[in-house]
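Engineer: Below is a structure I'd like to ask you about.
The values are calculated or read from the model by the stated rules, or taken from the named source; none is laboratory data. Please read all numbers here as calculations on a predicted model, not as lab measurements. Cβ coordinates were reconstructed from backbone atoms using ideal geometry, including for glycine residues, and neighbour counts include every protein chain displayed.
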Amino acid sequence: MDFFTGETLYFNKPLRWTSFDLVNRFRYKLSRKLDVKKIKVGHAGTLDPLATGVMILCTGKATKRIDEFQYQTKEYVATLKLGETTPSFDLEQEVDAVYPTEHITRGKVEEALKQFAGTIQQTPPAFSAVKINGRRAYKFARKGRDVELKPKTLVIDELELLECSLPVIKIRVVCSKGTYIRALARDIGEALDSGAHLIALERTRIGNVTLDMCMNPEDIDSFLEHIDIETNDNK
């Protein structure tokens, strides 16, 4: 493999790792293997620390393909808890409000999901990397400052109810770039005249890259040990 000319690798990002944690771990081990001080490594599509699943890493000149991968359709499996909200719409923040759920049935959940399929408008979460005057929104939100973000147009190709054990539901989402599943959880809760937040999220696919094609971080050493690597000395 020629990591300087460029390679594309698929990883399963672990829970509580940032996307940059994964990039940094692989870049460090690859640099040691190649005996170089620096090599370019980037990722296509950020995952929150509390999310797991498919991440595509590109090296060398292949980092030019990152935009190509970011625009590919993504699939997620999300677990939502109805009746509770948090400021971040996931488990990063404590529950800040409780809502009734007694009126919610599986049928009402299925009906609510229908309104989010297709082209929709979605307001990103305040706890997000969206920029406001050049600064990330989450930097304002974590200081308790009000954040106003404009709705964005995006496409949800498929939205399927996988499990319904109220007040917890599990859904499969196939969507376009820029979709915030945390914001979708918020909106589903509101559509059910209640509240909701994410309690688990897994990205199961980017384009044609699925979880079964991904390696775990603990496999990096073995992977680098057993492949043929082109170095600058070979050129």
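Engineer: Any residue that is of a type in the set (A, V, I, L, M, F, W, C) and out of contact with any Ser or Thr (no Cβ under 9 Å at 6 or more places or on another chain) - is there at least one of those in the stretch 13-29?
Structural biologist: Looking only at the stretch 13-29, we keep the residues that are of a type in the set (A, V, I, L, M, F, W, C), and these are 15, 17, 20, 22-23, 26.
Next, from what is left, pick out any that are out of contact with any Ser or Thr (no Cβ under 9 Å at 6 or more places or on another chain): 22-23.
Looking through the stretch 13-29, at least one residue is of a type in the set (A, V, I, L, M, F, W, C) and out of contact with any Ser or Thr (no Cβ under 9 Å at 6 or more places or on another chain).
Every residue, every condition in (1) assigned to a helix (DSSP H, G or I); (2) touching a strand residue (DSSP E or B) at 6+ places or on another chain (Cβ under 6 Å); (3) crowded, with 21+ Cβ neighbours inside 10 Å, yes or no:
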site	(1), (2), (3)
Val173	no, yes, yes
Lys177	no, no, no
Leu184	yes, no, yes
Glu190	yes, no, no
Ile199	no, yes, no
Thr204	no, yes, no
Asp221	yes, no, no
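Okay, residues lined up against (1) touching a residue at least 40 places away in the same chain (Cβ under 8 Å); (2) touching a Phe, Trp or Tyr at 6+ places or on another chain (Cβ under 8 Å); (3) under 12 Å from Asn216 (Cα atoms):
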| residue | (1), (2), (3) |
| --- | --- |
| Tyr10 | yes, no, yes |
| Val36 | yes, no, no |
| Ile39 | no, yes, no |
| Leu47 | yes, no, no |
| Val54 | yes, yes, yes |
| Leu57 | yes, yes, no |
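Engineer: I need a count of the residues in the stretch 86-123 that are more than 27 Å from Leu15 (Cα to Cα) and either among the polar types (S, T, N, Q) or not assigned by TED's automatic domain parsing to the domain that holds Ile171 (or both).
Structural biologist: Selection size over the stretch 86-123: 5.
Engineer: Which of (1) on the phi < 0 side of the Ramachandran plot; (2) assigned by TED's automatic domain parsing to the domain that holds Ile199; (3) buried (at least 20 other Cβ atoms within 10 Å of the Cβ) does Gly83 not meet, given it meets every other one?
Structural biologist: Of the numbered conditions (1) on the phi < 0 side of the Ramachandran plot; (2) assigned by TED's automatic domain parsing to the domain that holds Ile199; (3) buried (at least 20 other Cβ atoms within 10 Å of the Cβ), the odd one out for Gly83 is (1).
Engineer: Something else: Answer yes or no as to whether Phe3 is touching a residue at least 12 places away in the same chain (Cβ under 8 Å), buried (at least 22 other Cβ atoms within 10 Å of the Cβ) and in contact with a Ser or Thr (Cβ under 7 Å, 6 or more places away or on another chain). It would help to see each step written out before you state the result.
Structural biologist: Values: touching a residue at least 12 places away in the same chain (Cβ under 8 Å): yes; buried (at least 22 other Cβ atoms within 10 Å of the Cβ): yes; in contact with a Ser or Thr (Cβ under 7 Å, 6 or more places away or on another chain): yes.
Judged against the criteria, Phe3 is a match.
Engineer: While we're here: Would you call Asp193 charged (D, E, K, R), out of contact with any Ser or Thr (no Cβ under 7 Å at 6 or more places or on another chain) and not assigned by TED's automatic domain parsing to the domain that holds Val23? Can you show your working first?
Structural biologist: Numbers: charged (D, E, K, R): yes; out of contact with any Ser or Thr (no Cβ under 7 Å at 6 or more places or on another chain): yes; not assigned by TED's automatic domain parsing to the domain that holds Val23: yes.
Against the criterion (charged (D, E, K, R), out of contact with any Ser or Thr (no Cβ under 7 Å at 6 or more places or on another chain) and not assigned by TED's automatic domain parsing to the domain that holds Val23), Asp193 qualifies.
Engineer: Also, I was wondering about something else. So, in the stretch 96-117, exactly how many residues are surrounded by 12 or more Cβ atoms within 10 Å (Cβ to Cβ), more than 13 Å from Leu161 (Cα to Cα) and free of Cβ contacts under 8 Å to residues at least 40 places away in the same chain?
Structural biologist: 1
Engineer: What residue, among those in the stretch 124-174 that are among the basic types (Lys, Arg) and at pLDDT 95 or above, is farthest from Pro100 (Cα to Cα)? So that I can check it myself, show each step before the final result.
Structural biologist: First, pick out the residues of the stretch 124-174 that are among the basic types (Lys, Arg): 131, 135-136, 139, 142-143, 145, 150, 152, 170, 172.
Still in the list and also at pLDDT 95 or above: 170, 172.
Working: Lys170: 19, Arg172: 24 Å.
Among residues in the stretch 124-174 that are among the basic types (Lys, Arg) and at pLDDT 95 or above, the one farthest from Pro100 (Cα to Cα) is Arg172.
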